[in-house]
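Below: one structure, written as structure tokens.
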Amino acid sequence: MQYPGQRVQVDMKVVPLKCLANPEERLYQYTAIDEYTRLSYLGAYPEQSAYSSADFLEKMVTWFKRRGVRDGIEFTNHFSTNKKDRLTRIELAAARLGIRHKLICPYTPHHNGKVERSHREDQKRFYNTHRFFSFADFGVQFAAHQNRSNDLPMRPLGWLSPKEKLAAFFDSLTVQDI
């Protein structure tokens, strides 16, 4: 990768039930990881749906120019039996925003390794130690977690944080680059 936003990995994680005060409630984490800076954009949602996926994509579009999007049934109809010819809400949103929607094979997490690693770290640093009493509570705690995560130094970035890597990229630009 040569610049921020060149390619972004996206995935969805189900919030572990042990974190929820209400056993009937389900919450979902949408994650986008910029491959160049490892900067993460996280979204908290009360449902896993085409609407939530499209909403997440639209909200993160200001962060990234071009991205590769991890697919699942909520992102594409290519794996269903009767909807192959119709575009999903996420595919329509991506097309409207000028985003290339790149599919990967199902059940191949190594193709989406940065976001899968991020989910493991989220589990270790956040879900194993937090409990949520409502969707609003989850959203507040989740926003603080995203901010902390983007401030953590990372070995692949030469011990810079994702925020520092992004700042260093912009500091390196010259007038001719802009």
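Observations, loosely collected:
- For the range 35-62, filtered to residues that are at pLDDT below 85 and among the hydrophobic types (A, V, I, L, M, F, W, C), the residue that is nearest to LYS13 (Cα to Cα) is MET60.
- In this structure, TYR30 does satisfy being modelled with pLDDT of 85 or more and either in contact with a strand residue (DSSP E or B) (Cβ under 6 Å, 6 or more places away or on another chain) or under 30 Å from ARG125 (Cα atoms) (or both).
Residue-by-condition table, conditions (1) closer than 16 Å to LEU157 by Cβ; (2) among the basic types (Lys, Arg):
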position	(1), (2)
TYR3	yes, no
GLN6	yes, no
ASP11	no, no
LYS18	no, yes
ARG26	no, yes
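Let's see how each residue does on (1) over 19 Å from LEU39 (Cα atoms); (2) surrounded by 12 or more Cβ atoms within 10 Å (Cβ to Cβ); (3) at pLDDT 95 or above:
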site	(1), (2), (3)
ASP137	yes, yes, yes
HIS145	no, yes, yes
LEU160	no, yes, yes
LEU173	no, no, no
ILE178	yes, no, no
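- Checking each residue in the range 14-40 for being crowded, with 20+ Cβ neighbours inside 10 Å and part of a strand (DSSP E or B) picks out TYR28, GLN29, TYR30, THR31, ALA32, ILE33, ASP34, SER40.
The values are calculated or read from the model by the stated rules, or taken from the named source; none is laboratory data. Since the model is a prediction, treat every value here as computed from it, not as a measurement. Every residue, glycine among them, receives a Cβ derived from its backbone with ideal geometry; neighbour counts consider all protein chains shown.
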